[in-house]
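We did not get these values from a lab; they are worked out from the coordinates using the rules stated. Since the structure is predicted, the reported quantities are computational estimates derived from the model, not experimental observations. Glycine also receives a Cβ, built like all others from the backbone with ideal geometry; neighbour counts cover every protein chain displayed.
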Amino acid sequence: MVLLTASVSTNSGLGPRPFLFFPPNPLERQTKSVDHRRALDQSWLADVRASLADDFAIQTARLRELTELNADTGDPGEAHTRDALLVATRQNIEQITGALSRISDGTYGACQKCPERIAAEWLAVLPHARFCVPCQGKQNR
Ligand SMILES: [Zn+2]
């Protein structure tokens, strides 16, 4: 709809264009690339959501397995490992749920500490990242 309006408005229908003292169509090109990026964002976000949902299913299954496992083998080492796995799995599920809810409320990819957006490369590594790389760095210090 927006594109249609834009192409109609640029067609004056008055023959040759008058000479202009600035490069042709800078705005038009910019609008197009923004639209393109937005379309990519949407499909990228759908991919992220799908992979988070997969991850959620895997982690929930693991949590159920760990909980249902009869851990009382009398081996304190094994019980310790199981507890550590339980904690890690619960934490994973929490992070995935957080990321999924940020996708649905539209705040996914925004740093929660500063007004910056989290780099896509960083989100590819850490899909449930809540902070941009510089803020994450400060957090870890
Ligand atoms: Zn930040």
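Points to keep in mind about this one:
- Convex hull (Cα only) mean projected area of the stretch 82-141, reported in nm² to one decimal: 4.6
- The modelled label-to-label distance between Ala79 and Trp44, using points 7 Å beyond Cα along the C-beta direction, is 4.8 nm.
- Counting neighbouring beta carbons within 10 Å and listing from fewest to most, the residues Ile103, Ile96 come out as Ile103, Ile96.
- Within the stretch 90-125: backbone nitrogen closer than 15 Å to the Arg62 label point (7 Å, Cα to C-beta): 90-97
- Largest first, the extents of the alpha carbon coordinates of the stretch 43-108 on the three principal axes equal 49, 16, 14 Å.
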